[in-house]
Amino acid sequence: MANNLRRLAVLTTLIGVMLLAVALIALSYVEVGIANEIEPESLIYTAEDISAVPQSVAEDASRLAAEMFGNNGDRYEEFVTQLLDSYVEANDKDFIVLFNPGGWGWSFPDSSTGWRSILDGIEVELDSLGYEAVLLNFQRTSETTWGVMKEFMEAAFHYPSKTKDLACRVAFLTGHCPDLKVIVAGESNGSIVSDGAMKILQDNPQVYCIQTGTPFWHRPVTRERTLVLNSNGVIPDSFSRGDIPTMARASLKSLLGIAPEEKERGTIFNFVKAPGHYYSWRYPYVYSQITEFLEENFGINQEEAYSSGGS
């Protein structure tokens with residue numbers, strides 16, 4: 001009996017060590033990064049583009065990559081390239097709107113019709129205020145089994161490495177583009193990463209945040225320059241409220257082939273139904289809250305545009 005207990009203890013310890021090792025490996029590896037929100041491969045610039053980057057910017061990119069991965073290897077080179085590509089994209093813009101998707105973190109905005117409309121609405125609103133903006137996507141997970149494992153481990157610890165990665169990229173851009181403003185946009189699980197990045201960047205006045213549908217287990221701290229929407233103004237967000245019975249009923253109805261009403265739209269990981277967990281620019285509450293946030297923070301530029309146009 002004693003021998004069996006010892007074997008069980010040893011086995012349990014080994015399993016625990018293996019799980020800890022997997023967690024540490026997962027939390028130390030950054031996979032993907034920033035990409036153009038429409039064509040993932042289009043945020044790749046030529047050697048001529050990169051050669052025009054100031055030496056100080058290139059050196060800082062190398063320093064940050066070395067801090068993240070050591071000063072050699074494929075991940076180091078990839079991170080440097082991504083930083084320099086994003087700098088070239090952002091250098092002549094007023095705004096970067098950086099979308100952080102929900103779900104597993106590998107989707108692009110076109111996979112989320114609601115947030116596709118919100119990003120388009122933000123771009124139009126900023127344009128009406130006299131700003132030029134570009135929309136980028138923070139793809140935090142590769143669409144692989146390893147990517148799912150990493151995302152699961154990251155979520156369990158509130159995304160420590162992915163939050164650091166995102167904050168590092170934003171700080172790099174704002175540090176070398178002093179007139180640039182960045183809106184970090186987060187949907188569902190992506191709002192946790194956005195919220196963590198804002199905590200790191202809370203003293204950076206160039207960074208703003210818009211979040212929708214925060215998961216019920218995460219309680220964001222509403223900070224200056226941050227808008228948190230956990231209701232779409234139509235029905236309560238069952239996922240943000242942790243309303244498990246409502247989600248269970250909606251999922252069962254879906255399995256039975258009963259189509260949800262328009263107001264009951266919302267899913268998690270594309271199969272768990274979560275009524276209210278859907279945000280769209282065409283919802284008056286969502287539109288008005290985001291528009292008010294943009295005008296309050298950036299509306300002064302509209303007055304300058306009118307003044308210069310009338311002079």
Taking 2.2 N^0.38 Å as the expected size of a compact globular protein, what ratio does the Cα radius of gyration of segment 61-127 give against it, to two decimals?
1.42
Got a sec to turn the phi values of segment 257-267 into Karplus ³J(HN,Hα) couplings, 6.51 cos²θ - 1.76 cosθ + 1.60 with θ = phi - 60°, whole Hz, x for Gly and Pro?
x, 8, 5, x, 5, 3, 5, 8, 4, x, 9
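ARG282 to ASN72: FRET efficiency via 1/(1 + (r/R0)^6), r the Cβ-Cβ distance, R0 41 Å, to the nearest 0.05? Please list the in-between numbers first.
Numbers: r = 49 Å, r/R0 = 1.21.
After rounding, the FRET efficiency stands at 0.25.
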How big is the gap, in Å, between the Cα center of segment 185-245 and the Cα center of segment 66-111?
21
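Please say if segment 157-311 is rounded, prolate or oblate, where rounded means a/c under 1.5 for a ≥ b ≥ c the square roots of the C-alpha gyration tensor eigenvalues, and otherwise the choice is prolate for a/b larger than b/c and oblate otherwise? Before the final figure, lay out the partial values.
Values: a/c = 3.04, a/b = 1.58, b/c = 1.92.
Here segment 157-311 falls in the oblate category.
What does the C-alpha gyration tensor say about the overall shape of segment 58-199? Classify as rounded when a/c is under 1.5, otherwise prolate if a/b is larger than b/c, or oblate. Display every interim value, and only then the final one.
Values: a/c = 1.96, a/b = 1.11, b/c = 1.76.
Cα axes put segment 58-199 in the oblate bin.
Set the bar at 32 Å for Cα to Cα. Now go through LYS93/LYS273; LYS93/LYS164; LYS199/LYS273; LYS181/LYS263; LYS93/LYS199; LYS164/LYS253 and name every pair that lies beyond it.
On the way: LYS93/LYS273 38 Å; LYS93/LYS164 24 Å; LYS199/LYS273 30 Å; LYS181/LYS263 34 Å; LYS93/LYS199 24 Å; LYS164/LYS253 40 Å.
Among LYS93/LYS273; LYS93/LYS164; LYS199/LYS273; LYS181/LYS263; LYS93/LYS199; LYS164/LYS253, the Cα-Cα distance tops 32 Å for LYS93/LYS273; LYS181/LYS263; LYS164/LYS253.
Where a number appears in this text, it was derived from the coordinates with a stated rule and is not lab data. Please read all numbers here as calculations on a predicted model, not as lab measurements. Here Cβ is always computed from backbone atoms with ideal geometry, including for glycine, and neighbour counts include all displayed protein chains.
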